[in-house]
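To keep things clear, I will list the structure first and then write my remarks on it.
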Amino acid sequence: MRKIKEFIIEKMILLCGLAAIFFVGLIFLFLLKEGLAVFKMVGPFDFLFGKSWYPISEPPKLGILPLIMGSLLVTLGAAIISIPIGVGCAVYIAEIAPGKTKEILKAGIELLAAIPSVVLGFIGMVTLVPLVKNLFHLPTGLTALSGSIMLAFMAMPTIVSIAEDALYSIPRNYKEGAFALGATHWQTIWRVLLPAASSGILAAVMLGIGRVIGETMAVMMITGNAAVLPQSILVPIRTLTATVAAEMGEAVVGSEHYFALFAIGIVLFIISFIINVTADLFLHKKQ
Amino acid sequence: MKRNPHLTQKIAFFLLLLATLLIVVPVGLIVVIIIQKGLPAMNWQFLTDIPRQGMRAGGIFPAIVGTAYLVGGAIIFALPIGLLAAIYLSEYSKENILSRIIKLAIINLSGVPSVVYGLFGLALFVVFFKFGASILSGALTLGIMILPIIITSSREALESVPDSFREVSLSLGASKWQTIRHIVLPNAIPGILTGTILGLGRAAGETAPILFTVAAFYLPQLPGSIFDQAMALPYHLYVISTQVPNVDEKIRYGTALVLVLLVLFMNLMAIIIRSKLRKNKKW
Amino acid sequence: MVTFSVKDLNIWFGTTQALKDVSLDVRTHEILSVIGPSNSGKTTFLRTLNRLNALHLHLKMKGAVLFENKDIFKIDLELLRRKVGMVFALPLPLPLSIFDNVAFGIRMQGIKDKKRLAASVEEALKEAHIWSEVKDRLNESAFKLSGGQQQRLCIARTLAVKPEVILFDEPCSGLDPISTARVEETMVKIKQKYTIVLVTNNVKQAARVGDRTAFFLNGTLIELDSTHKIFTTPSDTRTNDYIVGKFG
């Protein structure tokens, strides 16, 4: 009797062990199911590189290049801001901050990770957006730049915590060896620790960027949502994620617009898949 | 000119400190601003009344209740599956290609953009299973989204139970499942709880996954069943800050404050449990 | 009478061979001491007897181990482990009360009757000579006991399952001489009822308590004979060298 019960339990455990694979497969399957239909109306090339996104005009124009460029632009901006600051903060926490300060800083970073993105978007709207508007004398502060700054901020917890882990896991004797040769603390960090942790830091950066590309609410609230090819970083843009979030509510189930938004979902899924697998390879290379 | 290494170090460390402050100071500011500007809105009526006058007055009670339903539903779905999956990874799986794929799948699941979860929930639960935009669809979508958080933290908690406990239990004639049930799980509960609460916090704060699966724009009443639409705090904040003009700032900040407090409270609980666990560790 | 019969046992962990062609018998109601330097395979040998090695990934095994003339891989695993108890190198109380530690094995057999549990726990604690020290604090955490008490609690926990064989894996390695003496005393006293295999790093301990002694080196059984013979006129010079402390 007990043996039968345990047999059943162990089978259930195995089944649930496979749940993650099942759900990843299911997500991809349903994105494909709803999204591939769009390619009956527009070729994959025209979809990805079409310059106009007018999903509700007649006939609809379903080119997502403006959205891809919008996502790329804010992501690039966010990366330029967040990588040096994030890695710098990780080095400070891992190497320089004394015990108590270190714990407080880590708690602060965790706090940032916990704040919902819609709240950050709201705060960005009332603080950052007017600031950008006044600073650059723009007609609106809802720009790619505002989005980049906000997203950089949101990528920080990922970058800092993973990069700090990477620095922390370097064997002590690397550091001691450098000190023994008379290197200053900074020389040790710059010449020994950072190179030794490079693959972990790279993974941190990639995952941070993954977070940025996938971020939806904050970016939708502060980038102005203009689906045109961006000419500068000081104009409103629209990202892939924001397009889906903003338009799916109005798209009719089974319409071309609906299929196109799912096709954007496929693009986002594939991007995040590539980023996560590559980052994981970097993290495993370290060990 | 020869560079002075000590001067270089001073400059470098100053810049590193600056980078740190650039992150931490805004975090502090955000929390302070929300508390300062949201506190005046805080009163019993705000928390317990339905929204009135097109959300320009009244309270946020339906949104609080909606979020509670969603979070509760998500955890009912995700905890059993996540825990069993963690048990599989920690106690049963061997270092082989299958466990490698499972781990990769978990990483991917946690990396999928939240809006893609929204699309998935729409396609599977709302359209395919015909649950419609409902609490059920939203809770299941959120449940799948927090699954990786629960698996990862539960697995860490299970793996931190020393192997020697398992060996002792087995050597006394306990079966593998008895060992897990009576020795491993009880000692991993604080860690599992921590992960569960973090998952709850994440589910409470997410907007994109519930946009098309459950969220009601303006529904000044409480949901009657799990097949009803519902308001939810994060979506409500989005709506009143971008979609509805002329909403009193107090109400916006007040809603943000409630949401932040809710999420921070859960994180604080998790931190407290975690530190208690470290203190009481018997091995 | 023979309790364990080991024939041509070979064990590999991955590519490293831990045991090479080991053949020996464990006789009923004897104390068999197993000595040898670290990494000589003695613990691996011991953990084969209750199949605890099988937890190790990448384990490969060849040869036969018979328990009461039955292949240990054909006996129900939980039954084998109930009949072949084990006391580990370090005192390893479970994070439970003293009572629950001792009752653990019996409870896992599905016994819930409180009186019966209490009786078995008392009997086991008495047999392990620790009853008088713990009888008033049975509900306290087992971690509150001293190291020596913990180890005797672990012996009681093993006895409570009523095994036929007890495997001791360097049971005194973490204990002071007085606690060691008490554990050894317990071992000798329970010998009438149980077959004991004692793996030890302490050559003197083997000499004190063992009926027979086996000497392992690099995964090979060098020689096995009466303790008296091993310690006075060993037939292999390596045995002699180890006993007098030339290596190990």
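The values are calculated or read from the model by the stated rules, or taken from the named source; none is laboratory data. Owing to the predicted nature of the structure, the values given are computational and were not obtained by experimental measurement. When we count neighbours, we look across all protein chains shown, and the Cβ atoms used for this are built from the backbone with ideal geometry, even at glycine.
Can you go through B:247, B:239, B:258 and tell me which one is under 20 Å from residue A:126 (Cβ atoms) and touching a helix residue (DSSP H, G or I) at 6+ places or on another chain (Cβ under 6 Å)?
Exactly one of B:247, B:239, B:258 is under 20 Å from residue A:126 (Cβ atoms) and touching a helix residue (DSSP H, G or I) at 6+ places or on another chain (Cβ under 6 Å), namely B:247.
Give me the residue from region A:72-86 that is facing another protein chain (nearest Cβ under 8 Å) and of a type outside the set (Gly, Ala, Ser) and, out of that set, surrounded by the fewest Cβ atoms within 10 Å (Cβ to Cβ).
A:84
Select, from A:200, A:108, A:177, A:210, the only residue that is within 13 Å of another protein chain (Cβ to nearest Cβ), farther than 23 Å from residue B:271 by Cα and not β-branched (Val, Ile, Thr).
A:210
Output the residues belonging to region C:143-200 that are assigned to a loop (DSSP other than H, G, I, E, B), closer than 15 Å to residue C:129 by Cα and within 14 Å of chain B (Cβ to nearest Cβ).
Correct list: C:145 only.
Of (1) loosely packed, with under 15 Cβ neighbours inside 10 Å; (2) away from every other protein chain (no Cβ under 14 Å); (3) of a type outside the set (S, T, N, Q), residue C:76 satisfies all except one. Which?
(2)
What number of residues within region A:136-153 are part of a helix (DSSP H, G or I) and away from chain B (no Cβ under 11 Å)?
7
Kindly establish whether residue B:47 is surrounded by fewer than 19 Cβ atoms within 10 Å (Cβ to Cβ) and within 14 Å of chain A (Cβ to nearest Cβ).
Against the criterion (surrounded by fewer than 19 Cβ atoms within 10 Å (Cβ to Cβ) and within 14 Å of chain A (Cβ to nearest Cβ)), residue B:47 does not qualify.
Looking at A:237, A:222, which one is more than 10 Å from chain B (Cβ to nearest Cβ), closer than 30 Å to residue A:63 by Cα and surrounded by 23 or more Cβ atoms within 10 Å (Cβ to Cβ)?
It is A:237.
Restricting attention to region A:3-30, which residues are more than 7 Å from every other protein chain (Cβ to nearest Cβ) and over 30 Å from residue A:274 (Cβ atoms)?
Residues satisfying the conditions are A:3, A:4, A:5, A:7, A:8, A:11.
Show the residue pairs meeting these rules: Cβ distance below 8 Å; 6+ apart or different chains; first residue within region A:126-140 and hydroxyl-bearing (Ser, Thr, Tyr); second residue surrounded by 12 or more Cβ atoms within 10 Å (Cβ to Cβ) and part of a loop (DSSP other than H, G, I, E, B).
Filtered contacts from region A:126-140: A:140/A:236.
Is region B:230-242 home to any residue that is in a loop (DSSP other than H, G, I, E, B) and under 19 Å from residue A:116 (Cα atoms)?
Yes, region B:230-242 contains a residue that is in a loop (DSSP other than H, G, I, E, B) and under 19 Å from residue A:116 (Cα atoms).
Within region B:121-143, identify whether any single residue is farther than 28 Å from residue B:201 by Cβ and either within 11 Å of chain A (Cβ to nearest Cβ) or at pLDDT 95 or above (or both), and answer yes or no.
yes
Residue check: is residue B:117 within 11 Å of chain A (Cβ to nearest Cβ), over 26 Å from the mean Cα position of the chain (by Cα) and hydroxyl-bearing (Ser, Thr, Tyr)?
no
Please identify the pairs in which a residue from region C:36-62 that is within 14 Å of another protein chain (Cβ to nearest Cβ) has its Cβ atom under 8 Å from the Cβ atom of a residue that is exposed (fewer than 14 other Cβ atoms within 10 Å of the Cβ) and assigned to a loop (DSSP other than H, G, I, E, B), counting only partners at least 6 apart or on another chain.
C:57/B:94; C:57/B:95; C:58/C:14
Test residue C:33 against the stated conditions and say whether it is under 20 Å from residue C:213 (Cβ atoms) and surrounded by 14 or more Cβ atoms within 10 Å (Cβ to Cβ).
Considered against the rule, which asks whether it is under 20 Å from residue C:213 (Cβ atoms) and surrounded by 14 or more Cβ atoms within 10 Å (Cβ to Cβ), residue C:33 comes out as yes.
Would you mention how many residues in region B:129-163 are closer than 30 Å to residue C:157 by Cα and free of Cβ contacts under 8 Å to residues at least 12 places away in the same chain?
Residues in region B:129-163 being closer than 30 Å to residue C:157 by Cα and free of Cβ contacts under 8 Å to residues at least 12 places away in the same chain: 1 in total.
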